[in-house]
Amino acid sequence: MCGIIGCFGTNGVAEPAARSVLEGLRRLEYRGYDSAGVAALDGCTLVVRKDVGYVDQVAVRFELEDMTGTVAVGHTRWATHGGVTQGNAHPHTDMAGRIAVVHNGIIENYRALRDDLTDAGVVFRSETDTEVIPHLLAMAMADGCPSLAEAVRKVCARLQGSYAFLALSADGGGTMVGVRKDNPLVVGFGDSQIFVASDVLAFGPMASRMAPLLDGEIVEVTMAGVRFFDVYGSELAKNSDAVDIVWANTDRNGHPHYMLKEIFEQPRAVCECGAGEDDSLVDAALAILGARQVVFTACGTSRHASLIGRYFFSKIARRFADVVMASEFGYFARSLNPQTVVIAVSQSGETADVIAGVKLARQAGAHVVSVVNRPACLLEEMGDHVIRLGCGAEVGVAATKTFTCEVIVFYLLAHAMVNRLKQGRANVERAGELLGELLQGLNGGLWKLAADLKGRDHFYYIGRGVNFAAAMEGALKLKEISYIHAEGMPAGELKHGTLALIEPGTPIMAICPNDETHAETISNATEAKARGAFIIGVSDLPSEVFDYWIKIPAVSPLLYPVLLIPPLQLFAYHMAVARGCDPDKPRNLAKSVTVK
Ligand code: G6P
């Protein structure tokens, strides 16, 4: 939610920082895309250009590419406080225009701070929570703070909420300072430029090494180089790691959208998922087996993957586990204890609700297993055990390959619980191969189906067992990128209310592969068809009830979701395109939801 990046040219090379910042902003757009802006230090002058729109739209309108100077900060916004207006776009500056700030997160006590600042004569130019920061920094400097880093440290003591922000001061030849609390910030080291950004993805190809900041740590970049400070202001030594080139690659490889590319990456991702994670899987499996209660917590697509995971635990390892959506997790905190294992699932590893739940779990002494994709994320820092999906950067806002890989991780974890990891892996590899063959053959048919159904207003997705969670995910994909109302539900629930909504022609996706759920789901589809529904069957078996058949291959029964979700993703993709929507940037959404 909001992406920030700063760039500081360190050796006098005249490469304009704004250009690198702009490149970084394009790579951070998955975090928000309603407005964008850049502040660049040109000589002694701080130049700010910002507006509503996608990064490239603002770049063209304001010639961001041509901004000169070797120091710059930039922002791509997902509005929280204040509407989508030019004034509310970042960067925000102090009254003298000498300090610019870009921020990701929410300053919860901004109203009180704003009142104090207004009483002190500050005139605000935006409705944002962020704007208090440059004014507070300017005041701290005016009060005699010896450096911008020290001013940032002092100001942070007054801020409540979660934040990662960058401040750029025009004084003293330029100073850039970054700090974080509960939101990520990573420092990147290039040949002649230092970067500080929300994510390594932002500076991936431009930097060879990286060092994530921890909560409260401060990074200061000046012409003299980079320094790190702890929360007390003492200087810190920090190690850096090599930037993972594979992770940093955000090429679309000729696909019109990231989502399509990521859908087609799944066969390979499935086969490679969890490679090198055997020790983590076994350790986590032992922790789960030793626990009194096991709870998954996650949001959105990761929650749907967790719902499938709980069936695996029960079916394969006879272990009951609950799934609590992360935004509700806190309300169950009293039932957590040291005998609880919390499996926290988040591809980004920074979803605010998940992080908040894990904090509560840790306070209660529970054991935490973090399942993440993005390297060096917050959730990785917080886990007693960490299992990495390892499927590379996912840029499309709608999660695709990370969902499938989360499902695979839970399948492997359940097999590790019964000491059959090798068998689990063999099954997964077979599923990956089958998925590759399936996707090649399906694309055209799904495109046509989408063209036929693009005018429908409501879709229902039904399934039982693991396929019920798959139904929820299929429906989520459709609604988030094509803006069609879609509901996923257990097939057996249809007649307890939703059947009243079925009219002649209402499309129902009946997810009924050849497993223990097949016959009963077909019965439920037949009941809906009797009321006029248009039945799209997703199965390896044909049925008379199907008006359209999305044919998938047979696979080991519990792995059906791995074969049937990608076609549903592809269907949603074609629906979005057919309806003129941008599947990579759905309205009002962002990929990393770092606010509660
Ligand atoms: C947002 C995204 C979804 C994602 C969810 C959880 O809502 O738009 O695609 O599933 O966050 O994200 P996470 O990174 O925690 O898996």
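Table: residues versus (1) in contact with a helix residue (DSSP H, G or I) (Cβ under 8 Å, 6 or more places away or on another chain); (2) closer than 20 Å to Val152 by Cα; (3) in the same structural domain as Ala197 (by TED's automatic domain parsing).
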| site | (1), (2), (3) |
| --- | --- |
| Gly83 | no, no, yes |
| Val102 | no, yes, yes |
| Gly105 | no, yes, yes |
| Ala112 | no, yes, yes |
| Phe124 | yes, yes, yes |
| Glu127 | no, no, yes |
| Pro134 | no, yes, yes |
| Leu137 | yes, yes, yes |
Exercise for the section: Might you let me know whether segment 86-94 holds any residue that is farther than 27 Å from Tyr30 by Cα and surrounded by fewer than 15 Cβ atoms within 10 Å (Cβ to Cβ)? Expected result: no
Problem - Test: residue in segment 180-192 that is surrounded by 15 or more Cβ atoms within 10 Å (Cβ to Cβ) and under 30 Å from Leu435 (Cβ atoms) - result: no
Exercise for the section: Have a look at Ala576, Ala572, Ala510, Ala590 and point out the one that is more than 16 Å from the ligand (Cβ to nearest atom) and of a type in the set (A, V, I, L, M, F, W, C). Expected result: Ala510
Completion exercise
Of the residues in segment 7-48, those that are open to solvent by 10 Å² or more (accessible area, probe 1.4 Å), within 19 Å of the chain's Cα centre (by Cα) and closer than 25 Å to Asp94 by Cβ come to Asp34
Practice task
Could you check segment 39-123 for strands (runs of 3 or more DSSP E) lying wholly inside it with 1 or more residues that are free of Cβ contacts under 8 Å to residues at least 40 places away in the same chain?
Solution key: 45-52
Exercise for the section: Tell me which residues, restricted to segment 129-174, are open to solvent by less than 30 Å² (accessible area, probe 1.4 Å) and at positive phi. Expected result: Gly161, Gly174
Exercise for the section: Hey, could you check segment 349-369 for residues that are of a type in the set (A, V, I, L, M) and within 11 Å of the ligand (Cβ to nearest atom) and say which is surrounded by the most Cβ atoms within 10 Å (Cβ to Cβ)? Expected result: Val354
Exercise for the section: Mind listing whichever residues of segment 466-482 are in contact with a Cys (Cβ under 9 Å, 6 or more places away or on another chain) and within 14 Å of the ligand (Cβ to nearest atom)? Expected result: Ile481
Exercise for the section: List the strands (runs of 3 or more DSSP E) that sit entirely inside segment 433-527 and contain at least 2 residues that are open to solvent by 20 Å² or more (accessible area, probe 1.4 Å) and not assigned by TED's automatic domain parsing to the domain that holds Met259. Expected result: 485-490
Practice task
Check whether at least one residue in segment 409-430 is open to solvent by less than 40 Å² (accessible area, probe 1.4 Å) and within 16 Å of the ligand (Cβ to nearest atom), and report yes or no.
Solution key: yes
Exercise for the section: Quickly run through segment 544-596 and pick out the residues that are among the small types (Gly, Ala, Ser), open to solvent by less than 30 Å² (accessible area, probe 1.4 Å) and not in a loop (DSSP other than H, G, I, E, B). Expected result: Ala572, Ala576
Exercise for the section: Could you please let me know if Ala79 is out of contact with any Ser or Thr (no Cβ under 7 Å at 6 or more places or on another chain) and closer than 21 Å to Asp584 by Cα? Expected result: yes
Problem - Residue selected from segment 285-301 under the condition in contact with a helix residue (DSSP H, G or I) (Cβ under 6 Å, 6 or more places away or on another chain) and within 14 Å of the ligand (Cβ to nearest atom), by the criterion most open to solvent (accessible area, probe 1.4 Å) - result: Cys299
Exercise for the section: Residues being under 22 Å from Leu412 (Cβ atoms), in contact (Cβ under 8 Å) with a residue 40 or more places away in the chain and within 16 Å of the ligand (Cβ to nearest atom): count how many of those fall in segment 315-348. Expected result: 7
Fill in the blank from the handout: Per the filter on segment 326-352, residues modelled with pLDDT under 95, assigned to a helix (DSSP H, G or I) and either touching a Cys at 6+ places or on another chain (Cβ under 9 Å) or under 21 Å from Arg374 (Cα atoms) (or both) are Ala352
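The values are calculated or read from the model by the stated rules, or taken from the named source; none is laboratory data. Keep in mind the model is a prediction, meaning the values are calculated, not measured. Every residue, glycine among them, receives a Cβ derived from its backbone with ideal geometry; neighbour counts consider all protein chains shown. Heavy atoms of the whole protein, side chains included, go into the accessibility calculation; ligands, DNA and RNA do not. Shrake-Rupley method; radii C 1.70, N 1.55, O 1.52, S 1.80 Å.
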